[in-house]
1. Whether any residue in region B:40-56 is in contact with an Asp or Glu (Cβ under 7 Å, 6 or more places away or on another chain), at negative phi and away from DNA strand D (no atom under 16 Å from the Cβ) is what I want to check.
2. Can you confirm whether region A:75-93 contains a residue that is under 19 Å from the mean Cα position of the chain (by Cα), within 14 Å of chain B (Cβ to nearest Cβ), more than 16 Å from DNA strand C (Cβ to nearest atom) and surrounded by fewer than 20 Cβ atoms within 10 Å (Cβ to Cβ)?
3. Restricting region B:13-38 to residues that are of a type in the set (D, E, K, R) and within 13 Å of B:Tyr50 (Cα to Cα), which is most open to solvent (accessible area, probe 1.4 Å)?
4. Specify which of the listed residues (A:Asp119, A:Asp143) is more than 13 Å from chain B (Cβ to nearest Cβ), open to solvent by 10 Å² or more (accessible area, probe 1.4 Å) and free of Cβ contacts under 8 Å to residues at least 60 places away in the same chain.
5. Looking at region A:136-195, which of its residues are over 22 Å from A:Ala80 (Cβ atoms), β-branched (Val, Ile, Thr) and at pLDDT 90 or above?
6. Does B:Ala57 count as in a helix (DSSP H, G or I), within 16 Å of DNA strand C (Cβ to nearest atom) and buried (at least 17 other Cβ atoms within 10 Å of the Cβ)?
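The values are calculated or read from the model by the stated rules, or taken from the named source; none is laboratory data. Note that the structure is a prediction, hence the values are computed from the model and not measured. We place every Cβ from the backbone using ideal geometry, glycine too, and count neighbours over all the protein chains shown. To get the accessible areas, we keep the full protein, side chains included, count just its heavy atoms, and leave off ligands, DNA and RNA. Shrake-Rupley method; radii C 1.70, N 1.55, O 1.52, S 1.80 Å.
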Number of protein chains: 2
Amino acid sequence: MVARRRLEAMEQNRSKLIAAGRKAFAAEGFAAASMDELTASVSLTRGALYHNFGDKAGLLAAVVAQVDGEMAARAREASAAAADGWERLLAEGAAYIAMALDPEVRRIVLLDGPAFLGDPSRWPSQNACLDATKRTVAGLIADGVMKRVDIEAAARLLCGAALNAALWVAASDDPQSVLPKAVHAFRLMAEGFLLGDR
Amino acid sequence: MVARRRLEAMEQNRSKLIAAGRKAFAAEGFAAASMDELTASVSLTRGALYHNFGDKAGLLAAVVAQVDGEMAARAREASAAAADGWERLLAEGAAYIAMALDPEVRRIVLLDGPAFLGDPSRWPSQNACLDATKRTVAGLIADGVMKRVDIEAAARLLCGAALNAALWVAASDDPQSVLPKAVHAFRLMAEGFLLGDR
DNA sequence: CGGTTGACATACGAGACGTATGTTATCTTC
DNA sequence: GAAGATAACATACGTCTCGTATGTCAACCG
């Protein structure tokens, strides 16, 4: 407690800053968040921030990576509970829609992330949604379940549909009542990729 | 030329500011654009800006409304050229994907717009993409072409898929080669909403 | 044990936004 | 037709923010 190792203390400060970033960015948005207030809220100064993350966008990238990692974990849970490969794709989609109900996810990953960090597929954290969907789609095409379509195109469309539906659900007046509508429509649309008729 | 009517001059200044906003926001992004430089580029000062648009976000809203209006016009053109109702939906989707190749549309309407103005469906300009798609979907359901699904949900998913695919196309290294892949995948996915099998 | 390095704090400067105040041309009203 | 009122800007100011440059202190190392 008294004499911590240097790296250990540094890692602790990084965690505190990232945690403060999640709160501030989610509450006020990236642009409006003040780095002075943010760092002071964890008893540090901007010196620590610029030393660890380079600039304000660097902290955003670190926050996005953390949230994105948690999203990937939840997606894997939903995926594991599914029976076959096709149900796995649908489960992942429903999971992403549900995840976007979290204000942190919505504001940080879906709005400010693309606006201030550029295209999600070029993030260091590699956007969990896209990555998982691409793998699932690739498997379904190989198994002859899905029509032969460009993997990245299908993944982009599916993720885009899911995340956009999620933004709608979150912005609606009664999220809980429109969520099933979104999930149902997503399922129908995804079935457009199914081979045969069933 | 010499003694213009008051309202006419004011409308001209508004137009100049909006035009400057389109350039600056597209080139530097909303957050990085300086209102001093922007107003000076059309021989005005920030006084004119704050008098006409209230604040910086007000100018963004005006710019978004203008670009959004142009998008709606182009969507109507694409729609009018289509044979039946279903082809009209696909044509609109393809048109939106193509439109997002324009850096102005991408940066202003798809990235900064949602981030700084909130959910597109609550914009004063009412988001052309969403609105047109909703009308088309409603017609197709009434005609028994599409499955009975929540209209807003279907429109949101279709627009989300199209716009997200567009962001992918735009961010790719060779946009012209991936665009057909995106359009093809969009068509397949939309067919999930079709009644019957063909 | 003294020098060095790294992690962080502090001080500073450059802009940027929004507002409050001033200025001028146009419109109204008697 | 002239004076007051109003609208459309310009100007000046204060406050905030980010990024950097400099300072400082504890931890490490030979």
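1. First, pick out the residues of region B:40-56 that are in contact with an Asp or Glu (Cβ under 7 Å, 6 or more places away or on another chain): B:46.
From the residues that got through so far, the ones that are at negative phi too are B:46.
Retained after the next criterion (residues that are away from DNA strand D (no atom under 16 Å from the Cβ)): none.
No: zero hits.
2. Going through region A:75-93, the residues under 19 Å from the mean Cα position of the chain (by Cα) turn out to be A:75-80, A:88-93.
Going one step further and asking which of them are within 14 Å of chain B (Cβ to nearest Cβ), we end up with A:89-90, A:93.
Of the ones still in play, those that are also more than 16 Å from DNA strand C (Cβ to nearest atom) are A:89-90, A:93.
So of that shortlist, the ones also surrounded by fewer than 20 Cβ atoms within 10 Å (Cβ to Cβ) come out as A:90.
So far as region A:75-93 goes, yes, one or more of its residues are under 19 Å from the mean Cα position of the chain (by Cα), within 14 Å of chain B (Cβ to nearest Cβ), more than 16 Å from DNA strand C (Cβ to nearest atom) and surrounded by fewer than 20 Cβ atoms within 10 Å (Cβ to Cβ).
3. From region B:13-38, those of a type in the set (D, E, K, R) are B:14, B:16, B:22-23, B:28, B:36-37; that's our starting set.
If we keep only those that are within 13 Å of B:Tyr50 (Cα to Cα) too, we end up with B:14, B:36.
Working: B:Arg14: 67, B:Asp36: 86 Å².
Applying the filter and picking the extreme gives B:Asp36.
4. Details: A:Asp119 fails: more than 13 Å from chain B (Cβ to nearest Cβ).
Being more than 13 Å from chain B (Cβ to nearest Cβ), open to solvent by 10 Å² or more (accessible area, probe 1.4 Å) and free of Cβ contacts under 8 Å to residues at least 60 places away in the same chain holds for just one of A:Asp119, A:Asp143, which is A:Asp143.
5. Scanning region A:136-195 gives A:Val149, A:Val178.
6. Numbers: in a helix (DSSP H, G or I): yes; within 16 Å of DNA strand C (Cβ to nearest atom): yes; buried (at least 17 other Cβ atoms within 10 Å of the Cβ): no.
No; evaluated as a whole, the condition is false for this residue.
Quick grid of which residues meet (1) in a loop (DSSP other than H, G, I, E, B); (2) among the small types (Gly, Ala, Ser); (3) touching a residue at least 60 places away in the same chain (Cβ under 8 Å):
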{"site": "A:Glu8", "(1), (2), (3)": "no, no, no"}
{"site": "A:Gln12", "(1), (2), (3)": "no, no, no"}
{"site": "A:Ser15", "(1), (2), (3)": "no, yes, no"}
{"site": "A:Ala24", "(1), (2), (3)": "no, yes, no"}
{"site": "A:Leu38", "(1), (2), (3)": "no, no, no"}
{"site": "A:Leu44", "(1), (2), (3)": "yes, no, no"}
{"site": "A:Leu49", "(1), (2), (3)": "no, no, no"}
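Conditions (1) farther than 30 Å from B:Phe30 by Cβ; (2) more than 9 Å from DNA strand D (Cβ to nearest atom), marked per residue:
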{"site": "A:Ala32", "(1), (2)": "no, no"}
{"site": "A:Leu59", "(1), (2)": "no, no"}
{"site": "A:Gln66", "(1), (2)": "no, yes"}
{"site": "A:Arg74", "(1), (2)": "yes, yes"}
{"site": "A:Ala83", "(1), (2)": "yes, yes"}
